[in-house]
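Down below is the structure, laid out as structure tokens.
Each reported figure results from applying straightforward, stated rules to the coordinates on display, with no laboratory input. What you see is a predicted model; the values in this text were computed from it and never measured. When we count neighbours, we look across all protein chains shown, and the Cβ atoms used for this are built from the backbone with ideal geometry, even at glycine.
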Amino acid sequence: MGALKSAQIASPKRKPGEKSDWYGYYAGYSADFVRDTLATIVDSDTESSMRVLDPWNGSGTTTAVAAAQGYEAVGLDRNPALVTIAKARHLSLGSVRESLEPLLAEVITVA
């Protein structure tokens, strides 16, 4: 744990006016914090088999950053809106492109 105490980890707070890389959830924290924390706690011997669990995943910053770094990432949250947002962060644009136009047409019709 000595390495953790001396680690240079970014503040979990976003700077005033800083935009989230995906969704500005009020309780969210910076992606830099996740990157720094993972770099500090991950042992190079176990890196390839590491799984990241976030039991309060919110809008998915932890799971998005961990997945982008190649880790298996699992997030849980009891707020269904945030579960949807976190899942959406893991979709590639190519996988949803065909559904965007019909969805937009439905939104315009309802509006």
- Task: Please work out the FRET efficiency for the pair Asp43 and Leu103, using the Cβ-Cβ distance as r and a Förster radius of 35 Å; give the result to the nearest 0.05.
- Result: 0.20
- Task: Starting at the first residue of segment 89-97, write each ³J(HN,Hα) from the Karplus equation 6.51 cos²θ - 1.76 cosθ + 1.60 with θ = phi - 60°, in whole Hz, x for Gly and Pro.
- Result: 5, 8, 8, 8, 4, x, 6, 10, 3
- Query: Fewest first, what order do Thr63, Thr40 take by the number of other Cβ atoms within 10 Å?
  - Reply: Thr40, Thr63
- Using the number of other C-beta atoms within 10 angstrom as an exposure proxy, rank Asp32, Asp43 with the fewest first. Asp43, Asp32
